[in-house]
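What follows is a short report on a single structure.
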Amino acid sequence: LMRRDLFGHLQKLSYSFYDNAKIGQLMSRITNDLFEVTEFAHHCPEEFFIAGIKIVASFVILSRYSFWLTLIVFSVIPVMIVVLQYFNARMRAGFRESRVKVGELNAQVEDSLLGIRAVKSFANENIEMEKFEDGNTGFLKIKSKVYGYMAGFQATTRFFDGLMYIVVVVAGSMFM
């Protein structure tokens, strides 16, 4: 539905818009970006709802056994959120940069393939390959950086999971 609406909108835009727009970027928006938006719209509300229920239920259940231990355990959460926000911001910026690079790569491939007759006429296949390699290498560098941030996010999440267990054991043993 959104893809159809976006395509309909693109059909109505002026010639001047297309003079400045890269078709590969627009194709990337229609395919990749709309997929991400629909995934977000589909999964995000339910994930937030489930996480909220888990947090509230955990707090209620744990506080019935030991209110102070519950406060100690839940005091780790704000620190965890601050640290994870660091990685989350870097990942979002990397994903944004990645989407732009994919659009540029698509535009470059499209330009090259649309002008294949001229490329072959002037024997510029190697030049086009070099341009593609440069664009592809740039994309891979961005993806590697994003994967590094994702790894940091996951490692930090696991670290705080382990820290919570340690806090429960140490604080719980002190309360016994």
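The values are calculated or read from the model by the stated rules, or taken from the named source; none is laboratory data. Since the model is a prediction, treat every value here as computed from it, not as a measurement. Note: ideal-geometry Cβ built from the backbone for every residue, glycine included; neighbour counts use all protein chains shown. For the accessible areas, the whole protein counts, side chains as well, though only heavy atoms, and no ligand, DNA or RNA atoms are used. Shrake-Rupley method; radii C 1.70, N 1.55, O 1.52, S 1.80 Å.
To keep it simple, each residue is scored yes or no on (1) surrounded by 11 or more Cβ atoms within 10 Å (Cβ to Cβ); (2) under 24 Å from residue 29 (Cα atoms); (3) not β-branched (Val, Ile, Thr).
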| position | (1), (2), (3) |
| --- | --- |
| 61 | no, no, no |
| 69 | yes, no, yes |
| 72 | yes, no, no |
| 86 | yes, no, yes |
| 89 | yes, yes, yes |
| 94 | yes, yes, yes |
| 114 | yes, yes, yes |
| 120 | yes, no, yes |
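Exactly one residue out of 153, 132, 160 is under 19 Å from residue 89 (Cα atoms) and more than 17 Å from the chain's Cα centre (by Cα): that is 160.
Yes/no per residue for (1) under 25 Å from residue 21 (Cβ atoms); (2) under 14 Å from the mean Cα position of the chain (by Cα):
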| residue | (1), (2) |
| --- | --- |
| 88 | no, yes |
| 107 | yes, no |
| 112 | yes, no |
| 122 | no, no |
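Assess whether residue 8 counts as being assigned to a helix (DSSP H, G or I), open to solvent by less than 80 Å² (accessible area, probe 1.4 Å) and more than 26 Å from residue 92 (Cα to Cα). In short, yes. In the stretch 122-149, the qualifying residues are those that are part of a loop (DSSP other than H, G, I, E, B) and not polar (S, T, N, Q), and the one that is surrounded by the fewest Cβ atoms within 10 Å (Cβ to Cβ) is 123. For the stretch 135-150, the set of residues classified as among the β-branched types (Val, Ile, Thr) and closer than 23 Å to residue 88 by Cβ consists of 142, 146, listed by residue number.
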